[in-house]
Amino acid sequence: MTPKWRLIVFFIGAAGIVCLFALVRAPVLRLNEFRNRYAQQINTRTFAERNVTDAVSAVNFDYRGFDTIGEEFILFVSVLGSLVLLRMAEERKDEILLDALDRKRDVGPSDATRLWILAMIAPKLVFGVYIVTHGQLTPGGGFQGGVILATAALILYLGEGFAVFRDVLSHTAIEVGEAAGAGAFVLIGMLAWFWRRPFLTNILPLGKSHELTSGGTMALISIATGLEVAAGFILLLYAFLQENLTIEGEE
Amino acid sequence: MGHAFSYAGYVTAIWLFLIGLYGVVTSRHLVHLCLSLTVLQASTYVLFTIIGFRPGLPAPIFTDGVTPGSPAVDPVVQALMLTDIVVEATVVALLLAITVRIHRRSGTTDPNQVDMMRG
């Protein structure tokens, strides 16, 4: 299809979407006034049933935990796919990589920049862990905290370059971390089977509200998710940085 | 007020969807195409946020003055969106990895020039 025809088809489709929107606008606005019963139930029950204060995390890690497993494995599989696609003949890659690293050694950020960047790593780690572990109390949880933890690795690369990044974060350890995170979620779900309850039933003691231990399995699932998300993003960083250095090495 | 707000939300969602799709359709570079796709997907975030919005109600976090069990905005759509934002980032990474492979194979990043479909 030529670009011109593609554009014509696009505009016909766009006109269709706008027409449909104009047609359904009124019912949609009425729908907005209709209060979703399911959401209302969750809002009224979360605190009483699970002792947690964040209803969003309760949906993610407890009431709709099964859907979150699906989401998690989309994440897992796309990280896996990226790694497979970016992998080349490994020995050749290492040679090229080392050449590129040798040449890049002299040019890096100034000492002042490096110092500031390194000083940011500890606060980032603390903040990431805080967000992961407080998911059941305040806005947060494994998904958001995991991404913050991964930025700590990114900032290590910005300050010290790929050689140090590779030495500090062992590729194997990160791989194991990602798999462990994904596996732990399923295992926590299977824990309920020992009590002859359905998969992902919240069987652990619910603790006191407003405390870190509240919410039973929710906190554990949040930590497992945080581990998987952080490790997944670091693996992606690894793959793309390696690819980038290989291209630079070839040039 | 609530009506005007949700109306603006729906219009924004449609606009983001169309502008993202336009980017995908007219794209001359695969990286640009991936980013257009993220704009397109951002329309779902706006749409879901506006579906869950209730005028005047607080966020579904029952601390700091929000009585537990009192009405709040819809937590279900928010939970959907927060997982999706993270998952989307890794899916974009996958698309970019495919872009890298295509560039290596065919030496171009223009989707019109790429001719990878060989039987």
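The values are calculated or read from the model by the stated rules, or taken from the named source; none is laboratory data. For clarity, every value in this text was computed on a predicted model and none was experimentally measured. Here the Cβ is made from the backbone with ideal geometry for all residues, glycine too, and neighbour counts use every protein chain on show.
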Matching residues in the range A:188-240 - criterion: being of a type in the set (Gly, Ala, Ser), over 23 Å from the mean Cα position of the chain (by Cα), more than 12 Å from chain B (Cβ to nearest Cβ) and not in a helix (DSSP H, G or I): A:Gly207
Some residue of the range B:18-27 being surrounded by fewer than 18 Cβ atoms within 10 Å (Cβ to Cβ), under 30 Å from A:Thr246 (Cβ atoms) and in contact (Cβ under 8 Å) with a residue 60 or more places away in the chain: no
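Within the range B:59-69, identify whether any single residue is among the charged types (D, E, K, R) and more than 7 Å from every other protein chain (Cβ to nearest Cβ), and answer yes or no.
yes
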Qualifying residue in the range A:153-160 (condition: assigned to a helix (DSSP H, G or I) and within 14 Å of another protein chain (Cβ to nearest Cβ)): yes
B:Ala42 vs. criteria within 12 Å of chain A (Cβ to nearest Cβ) and closer than 21 Å to B:Ser6 by Cβ: no
Lone qualifier among A:Phe194, A:Phe233, A:Phe185 - being at pLDDT 90 or above and in contact with a Ser or Thr (Cβ under 7 Å, 6 or more places away or on another chain): A:Phe185
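How about the range B:97-119: which of its residues are of a type outside the set (Val, Ile, Thr) and buried (at least 19 other Cβ atoms within 10 Å of the Cβ)?
Selection gives B:Ala97 alone.
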Any hit, the range B:61-70, residues being surrounded by fewer than 19 Cβ atoms within 10 Å (Cβ to Cβ) and touching a residue at least 24 places away in the same chain (Cβ under 8 Å): no
Scope the range B:50-101; condition modelled with pLDDT under 85 and in a helix (DSSP H, G or I); matching residues: B:Ile50, B:Ile51, B:Gly52
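The rows are residues; the columns are (1) of a type in the set (Val, Ile, Thr); (2) within 7 Å of chain A (Cβ to nearest Cβ); (3) under 17 Å from the mean Cα position of the chain (by Cα).
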| position | (1), (2), (3) |
| --- | --- |
| B:Val73 | yes, no, no |
| B:Met81 | no, no, yes |
| B:Leu94 | no, yes, yes |
| B:Val100 | yes, yes, no |
| B:Ser106 | no, no, no |
| B:Asp115 | no, no, no |
Residue list for the range A:167-187, filter: more than 19 Å from the chain's Cα centre (by Cα) and either surrounded by 17 or more Cβ atoms within 10 Å (Cβ to Cβ) or in contact (Cβ under 8 Å) with a residue 12 or more places away in the chain (or both): A:Val168
Odd one out for A:Gly140 among (1) on the phi > 0 side of the Ramachandran plot; (2) touching a Lys or Arg at 6+ places or on another chain (Cβ under 6 Å): (2)
